[in-house]
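Accompanying notes for the structure given below.
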Amino acid sequence: MLAGFQLALGLGGAANAQSLEDALARAYMANPTLNAQRAQVRATDEQVPQALSGYRPTVTVTADVGRARTTQTTQTEAENLGGLAIPATKTKTTDNSTPRGAGITADQTLFDGFRTYNTVRSAESNVLGAREQLTNSEQNVLFDTAQAYMDVLRDYAILDVRRNNVDVLKEELRAATQRFEVGEVTRTDTSQAQAAVEGSYTAVSQAEAQLNTSRATYRQVVGEEIGRPRAARSIDKLLPKSLNEAINLSQAQHPAILAAFHGVDAANLQIRVFEADLYPQVGLEAAFQRRYDSSSQITRTTDASVVGRLTFPIYQGGLVSSRVRQAKETAGQRRLEADISRDQVRQAAVSAWGQLQSATSQIQSAQAQIKANQTALNGVREEAKVGQRTTLDVLNAQQAVLNARITLIQAQRDRVVAAYALMSAVGWLTASRLGLAAARYDPNAHYEQVRDKWYGLRTPDGR
């Protein structure tokens, strides 16, 4: 299937050639889009410990200290007792104190209408959905890498074919010039050959520009420059054997569909989270406080209490009811989005299968076309030597061979890309499935590290 690429590129055993598998492994490890999605999954993991905090107590410590100054003035009126005059007096007293205290309060929710329970389940569904989205992003990145690699491989092959065409046309020009000098052809023939040579130079320049564009795209996807690529190995053994199998697999396991259904689960649980505000709430509060110098007569006071609290909502102004209705509409939206994802994935599977079959047929046709055009070219050249064909006939035959070779190169590229598109459509285009030589990213490792953490500001990687 890929022999045309190997012959066109001359890459059979190039020591410095890069393979498609190497490119896929590098993209899996270093692609910024994929790494950003991994960070998003790690951020989503934190929703679970946040939800679990609803089961845990909250503890608050308070402390205060101050300086107080109290001044009291006492005044008596003058009196006359048995002829003894007692003058009026005025007494002023000052009391300085340092009131201070400390206390601790602990609150524990005993029943919250199953809010925490459903919030935890919703968070876990979000985590599972984020993992499926990560798998889908992995598929997209690997497919983009395969496509970019094959574009570079195609453009190298086309550039080599066009450069070879320049050499062939220059030989035709030399032969036409020699025949013109002996009077076998006219100036028109040499001019036609010269025009064909100049046109081939233009085609080479265009092929070089296209190659540079494809190399830039590859660097954007993979993150590094690409050397001379090798012909890609076939992955036909990994593909489904029929269209029906491809459709069934895609509907059962494609990460985009699985992520959508996890979104449906999370939306349904969110309805119950809002409904919790309609149920009674039961909590327990324990407090301990000690104060010093609260007054001049009391130097120390100690308060301790344990209070059970029951709250039963009666009417919240319609806010909770509106939130529940809104959550139900959102859940309906998520179900519709899941149906859309299933239709999109099915369309992608059918399209990739059709492109694969079409490219396979094009390769067979192009190979037969090259063989026939080459035979015709050889015949036209022999007929031209005896004057039965013109130089233009030879040039046209040569162009037909060139076009057929380019068609074959494009068809071979399209078939490889279609194979990877089919792998992606059924949910199989992953590093594990392809057996890439790259360390696997395990999203569950971070989740297990943070799920039951009660405190700590640092992330598991030390940030």
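The values are calculated or read from the model by the stated rules, or taken from the named source; none is laboratory data. This structure is a prediction, so every number in the text was calculated from the model and none was measured. Heads up, the Cβs are rebuilt from the backbone with ideal geometry, glycines too, and the neighbour counts pull from every protein chain shown. Accessible surface areas use protein heavy atoms only, side chains included; no ligands, DNA or RNA. Shrake-Rupley method; radii C 1.70, N 1.55, O 1.52, S 1.80 Å.
A few remarks follow.
- Calculated accessible area for the chain comes out at 55 Å² per residue, all protein chains present (probe 1.4 Å; ligands, DNA, RNA ignored).
- Averaging the sequence gap over all C-alpha pairs within less than 8 Å and six or more residues apart, then dividing by the number of residues, gives the chain a relative contact order of 26 percent.
- Carbon/sulfur fraction of accessible area - the chain, other protein chains in place, 1.4 Å, %: 51
- Sorting the segments 263-271, 338-346 by their mean number of nearby beta carbons within 10 angstrom, highest to lowest, gives 263-271, 338-346.
- Global geometry of region 358-414, whether rounded, prolate or oblate, following the gyration tensor of its Cα atoms and the 1.5 cut on a/c: prolate
- For the chain, the Kirkwood hydrodynamic radius comes to 30.0 Å, computed from all pairs of different C-alpha atoms.
- In this rough spin-label picture, where each label sits 7 Å from Cα along the Cβ direction, the Val61-Leu392 distance is 9.9 nm.
- Rounded FRET efficiency, nearest 0.05, which uses the C-beta distance separating Gln108 from Gln316 and R0 of 41 Å: 0.95
- Local net charge near Ala286, Cβ-Cβ under 13 Å (Lys/Arg +1, Asp/Glu -1): -2
- In this Cβ point-charge picture (+1 for Lys and Arg, -1 for Asp and Glu), region 325-452 has a dipole of about 80 debye about its Cα centre.
- When the Cα positions of Thr430, Val320, Met150 are compared along the charge dipole of the chain, Val320 comes out farthest toward the positive end, with charges on each C-beta of Lys, Arg, Asp and Glu.
- Ranked by how many other beta carbons lie within 10 Å on average, peptides 368-376, 243-251 from highest: 243-251, 368-376
- Computed with a 1.4 Å probe on the full set of protein chains, the accessible area for Phe261 sits at about 80 Å².
- Around the Cα centre of the chain, unit charges on the Cβ atoms of Lys, Arg, Asp and Glu (plus for the first two, minus for the last two) sum to a dipole of about 540 debye.
- Dipole orientation for the chain: of the candidates Ile340, Ser200, Ala51, Ala51 has the Cα lying most toward the positive pole (charges on Cβ; Lys, Arg +1; Asp, Glu -1).
- Listed peptides 197-206, 179-188 by packing density, highest first (mean Cβ within 10 Å): 197-206, 179-188
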